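Read the structure below first, then the notes.
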Amino acid sequence: MENKKIIKQFKLAAELMELHDENPFKIRSYTNAVGALELVEDPLEGMSQAQLEEIQGVGKGIAAKIVEINEKGSFAELDQMLQVTPPGVVEMLRIKGIGPKKVRNLWKELRAETVEELLEACEQDRVSKLKGFGAKTQENIKQALLFTQQNRGKLLYAEGELMAEQLLQSIKAALPEAQVELVGDMRRRMEIVTSLQFILATDAPVQAQQTFQSITELDEDVKASGPFAWRGSHSESGTPVEVKLVPVARFANEVLLHSAAPEHLAQPFTSTTNLLTVVREQDYASEADIYKSAGMAYIEPELREGTNELELALQNKLPQLLELSDLKGILHNHSTYSDGAHTLEQMATYCRDMGYQYLGISDHSKTASYAGGLREGDVLRQQREIDELNKKLAPFKIFKGIESDILGDGSLDYDRDILQTFDFIVASIHSSLNMDEKKATARLITAIENPYTTMLGHPTGRLLLRREGYPINHKMVIDACAANNVIIEINSNPWRLDLDWRYVQYALEKGVMLSINPDAHHTNGYDDMKYGVLVGRKGGLTKDMTFNAKPVEEVEKYFKERKEKVK
Ligand SMILES: [Zn+2]
Ligand SMILES: [Zn+2]
């Protein structure tokens, strides 16, 4: 079992113990173990009891449980607790903002055993009357429950990616001769994926479907399937899967029809033609031929949204989209100075060894005490270490940054004398997320107008499929960035992808540069930049407008000149 999944079991066990009001010392030993295991790089699977005990923070008891997980898939103590907890109550543990103790009250005092019962209790205003809850908490619970209901069965792009790739390989293995393409949400690089769709070219659809029975990842829904469409789900995740079986000659046409937003296909580009009419006319050998026949340049699937891409393609003015290989450095990262898993030096050498020219370290600022935010002394200590490392690692360069909390009134988190020591500052909101649009927008704009702000971090604070971001007026925020020469990050963590791609184009029109930032808390986190690149591309982002596609000298010069202007 992967380390992540093993750690998840211990996290759940700690929560369940708290839910059942068990001994706090025992709970602490579990949460400590979680912290210790998160730092382990090697696979826990296959480690012996003795090897596990050598891990700092892992005692005999925890080590034995890992061995048990490796053998049986879980451990007895967890199984026993799950047996005495209704599944709906376990689900309630996932509600943001309420811990196991509160869930216990909802369960024991309101007798809510399913999320539906809890939702009903919220609607009847019974939750707010419980001790320690109140109307605001009740509203938060209600919103969280509704949000989960709406998003059930949906996946993040990053979660769908691996699944879709494996399925594609399995289908190809079952039918080695056939042409098959992943289409739908995945191919359009949507940040949230509702189903996995494939187009398969075959002139013998029934025989082809029979071979699917050998694919273990697929569960067929016989009722929903037909001779030209296999429908069912991915057996492990339950995500809906559809494979359309089309005649070989129609393959390119069908791939295009299933790899574009309806608006892209329906938008007229002459008085009488749209892409639907072009596709209906004849069979094409490739998608490129279809666009050619329509008299326009080839449009990448991620751009097929029905905004202005057809117009640009007709004039042959489509942007040359950013590539991951265009990026020269990695900005917005955390180290062990705040809540990162790796030391500054580890983060830097790993980044250098990936072939990048620079790293921007931006740990949390002092107000983010829950995330180990840096006090003034820590800042200066870190900056001394950066100076030393820069000597040692040259020409590789570490830029001194901070992810400054944007406080409630929009101000940054340190006094001037500390603010001016940084090369760059990412300003982000992490607290008081329950604001209306007017307040949130004003708070961001105040931070953007602060001359020390270099970059705006995750503009809405959203966590896809987990929580909605605070509402903001994107255009006003982008206008303020344009006026104050502030870069906007595309936070590339698959849960965030914030700035949303729908606003990338507006930012580009206003001349605002974007930065593909992984917000890495671990050296693995650097890999997330690929998702940021996909989102940027979807919004039409080019290399020229990507800040961290600049070489190190230009970035250094940019930061320096900006700082000089403040004085
Ligand atoms: Zn942040
Ligand atoms: Zn961060």
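The values are calculated or read from the model by the stated rules, or taken from the named source; none is laboratory data. Only a predicted model underlies this, so the values are computations on that prediction, with no experimental measurement involved. We place every Cβ from the backbone using ideal geometry, glycine too, and count neighbours over all the protein chains shown. Please note that ligands, DNA and RNA were not included when accessible areas were found on the heavy atoms of the full protein model with its side chains. Shrake-Rupley method; radii C 1.70, N 1.55, O 1.52, S 1.80 Å.
Filter the stretch 494-522 down to the residues that are closer than 18 Å to Q346 by Cα and either open to solvent by 10 Å² or more (accessible area, probe 1.4 Å) or of a type in the set (D, E, K, R) (or both), then identify the one that is nearest to ligand 2 (Cβ to nearest atom).
The qualifying residue nearest to ligand 2 (Cβ to nearest atom) is D519.
Looking at E113, E123, can you tell me which residue is surrounded by fewer than 19 Cβ atoms within 10 Å (Cβ to Cβ) and in contact with a Pro (Cβ under 6 Å, 6 or more places away or on another chain)?
Details: E123 fails: in contact with a Pro (Cβ under 6 Å, 6 or more places away or on another chain).
On inspection, the qualifying residue turns out to be E113.
Restricting attention to the stretch 157-181, which residues are in contact (Cβ under 8 Å) with a residue 60 or more places away in the chain and either part of a helix (DSSP H, G or I) or within 18 Å of the chain's Cα centre (by Cα) (or both)?
Hits for the stretch 157-181 are Y157, A158, E159, G160, M163, L167, I171.
Kindly provide the set of residues from the stretch 320-336 that are outside any loop (DSSP other than H, G, I, E, B) and away from ligand 2 (no atom under 12 Å from the Cβ), ordered by number.
So in the stretch 320-336, the residues outside any loop (DSSP other than H, G, I, E, B) come out as 321, 324-326, 329-333.
Passing the criteria: L321, L324, S325, D326, G329, I330.
If V555 passes every condition in (1) farther than 30 Å from A394 by Cβ; (2) more than 16 Å from ligand 1 (Cβ to nearest atom); (3) touching a residue at least 60 places away in the same chain (Cβ under 8 Å); (4) not polar (S, T, N, Q) but one, which one does it miss?
It fails just one condition, (1).
Counting only residues that are under 27 Å from G132 (Cα atoms) and touching a Phe, Trp or Tyr at 6+ places or on another chain (Cβ under 6 Å), give me the helices (runs of 4 or more DSSP H) lying completely in the stretch 1-101 with at least 2 of them.
It comes to 3-19.
Might you check whether a residue that is over 30 Å from L463 (Cα atoms) and either of a type in the set (G, A, S) or surrounded by fewer than 13 Cβ atoms within 10 Å (Cβ to Cβ) (or both) occurs anywhere in the stretch 181-195?
There is no residue in the stretch 181-195 that is over 30 Å from L463 (Cα atoms) and either of a type in the set (G, A, S) or surrounded by fewer than 13 Cβ atoms within 10 Å (Cβ to Cβ) (or both).
Being modelled with pLDDT under 95, acidic (D, E) and farther than 24 Å from V566 by Cα narrows it down to one residue among D436, D519, D500, D527; which is it?
Values: D519 fails: modelled with pLDDT under 95; D500 fails: modelled with pLDDT under 95; D527 fails: modelled with pLDDT under 95.
Just one listed residue meets the conditions, D436.
Of the residues that make up the stretch 444-455, is at least one in the same structural domain as L514 (by TED's automatic domain parsing), charged (D, E, K, R) and within 15 Å of ligand 1 (Cβ to nearest atom)?
Let us first name the residues in the stretch 444-455 that are in the same structural domain as L514 (by TED's automatic domain parsing), namely 444-455.
Keeping just the survivors that are charged (D, E, K, R) gives 449.
In the following step, the residues that additionally are within 15 Å of ligand 1 (Cβ to nearest atom) were identified as none.
Within the stretch 444-455, not a single residue is in the same structural domain as L514 (by TED's automatic domain parsing), charged (D, E, K, R) and within 15 Å of ligand 1 (Cβ to nearest atom).
Mind checking which residues of the stretch 419-433 are within 16 Å of ligand 2 (Cβ to nearest atom) and open to solvent by less than 30 Å² (accessible area, probe 1.4 Å)? Let's see the steps before the verdict.
To start, the set of residues in the stretch 419-433 that are within 16 Å of ligand 2 (Cβ to nearest atom) comprises 422, 424-431, 433.
Listed by number, the residues that qualify are F422, F424, I425, V426, A427, S428, I429.
Filtering the stretch 434-468 down to residues that are within 15 Å of ligand 2 (Cβ to nearest atom) and open to solvent by 10 Å² or more (accessible area, probe 1.4 Å), which residue is farthest from G408 (Cα to Cα)?
L463
Give the stretch 216-245 a look and list any residue that's open to solvent by 50 Å² or more (accessible area, probe 1.4 Å) and in a strand (DSSP E or B), or say none.
Restricting attention to the stretch 216-245, the residues satisfying the condition of being open to solvent by 50 Å² or more (accessible area, probe 1.4 Å) are 216, 219-223, 227-228, 231, 235-237, 240, 244.
D219, E220, R231, P240, K244, listed by residue number.
So N308 passes all but one of these: (1) under 30 Å from E38 (Cα atoms); (2) away from ligand 2 (no atom under 16 Å from the Cβ). Which condition number does it fail?
Unmet for N308, out of (1) under 30 Å from E38 (Cα atoms); (2) away from ligand 2 (no atom under 16 Å from the Cβ): (1).
For G536, state whether it is buried (at least 23 other Cβ atoms within 10 Å of the Cβ), part of a loop (DSSP other than H, G, I, E, B) and of a type in the set (G, A, S).
Working: buried (at least 23 other Cβ atoms within 10 Å of the Cβ): yes; part of a loop (DSSP other than H, G, I, E, B): no; of a type in the set (G, A, S): yes.
So G536 does not fit the description; no.
Quick one: count up the residues across the stretch 347-386 that are aromatic (F, W, Y), farther than 19 Å from K560 by Cα and buried (at least 16 other Cβ atoms within 10 Å of the Cβ). Give the steps one after another, and end with the answer.
As a first pass, look at the stretch 347-386 and keep what is aromatic (F, W, Y): 350, 356, 358, 370.
Within this subset, residues satisfying the condition of being farther than 19 Å from K560 by Cα are 350, 356, 370.
From the residues that got through so far, the ones that are buried (at least 16 other Cβ atoms within 10 Å of the Cβ) too are 350, 356.
Number satisfying all stated conditions: 2.
Only one of these conditions is not met by D339: (1) within 16 Å of ligand 2 (Cβ to nearest atom); (2) farther than 27 Å from P551 by Cα; (3) crowded, with 19+ Cβ neighbours inside 10 Å. Which number is it?
(3)
What number of residues within the stretch 319-336 are hydroxyl-bearing (S, T, Y), crowded, with 19+ Cβ neighbours inside 10 Å and closer than 24 Å to R304 by Cα?
Residues flagged as hydroxyl-bearing (S, T, Y), crowded, with 19+ Cβ neighbours inside 10 Å and closer than 24 Å to R304 by Cα within the stretch 319-336 amount to 0.
Is it fair to say G99 is touching an Asp or Glu at 6+ places or on another chain (Cβ under 6 Å), within 30 Å of Q143 (Cα to Cα) and either in the same structural domain as K131 (by TED's automatic domain parsing) or crowded, with 19+ Cβ neighbours inside 10 Å (or both)?
Values: touching an Asp or Glu at 6+ places or on another chain (Cβ under 6 Å): no; within 30 Å of Q143 (Cα to Cα): yes; either in the same structural domain as K131 (by TED's automatic domain parsing) or crowded, with 19+ Cβ neighbours inside 10 Å (or both): yes.
In short, no.
Mind checking whether some residue in the stretch 387-395 is under 22 Å from E564 (Cβ atoms) and in contact (Cβ under 8 Å) with a residue 12 or more places away in the chain? Give the steps one after another, and end with the answer.
Narrowing the stretch 387-395 to residues under 22 Å from E564 (Cβ atoms): 387, 390.
Subsequent filtering for residues that are in contact (Cβ under 8 Å) with a residue 12 or more places away in the chain retains none.
No; the residues of the stretch 387-395 include none that is under 22 Å from E564 (Cβ atoms) and in contact (Cβ under 8 Å) with a residue 12 or more places away in the chain.
For the stretch 522-533, how many residues are in contact with a Leu (Cβ under 6 Å, 6 or more places away or on another chain) and either of a type outside the set (A, V, I, L, M) or outside any helix (DSSP H, G or I) (or both)? Before you say what the answer is, go through the steps one by one.
Residues of the stretch 522-533 in contact with a Leu (Cβ under 6 Å, 6 or more places away or on another chain): 530, 533.
So of that shortlist, the ones also either of a type outside the set (A, V, I, L, M) or outside any helix (DSSP H, G or I) (or both) come out as 530.
Matching residues across the stretch 522-533 total 1.
Quick check on the stretch 305-312. Is at least one of its residues under 24 Å from the mean Cα position of the chain (by Cα), away from ligand 1 (no atom under 16 Å from the Cβ) and of a type in the set (D, E, K, R)?
Yes, the conditions are met somewhere in the stretch 305-312.
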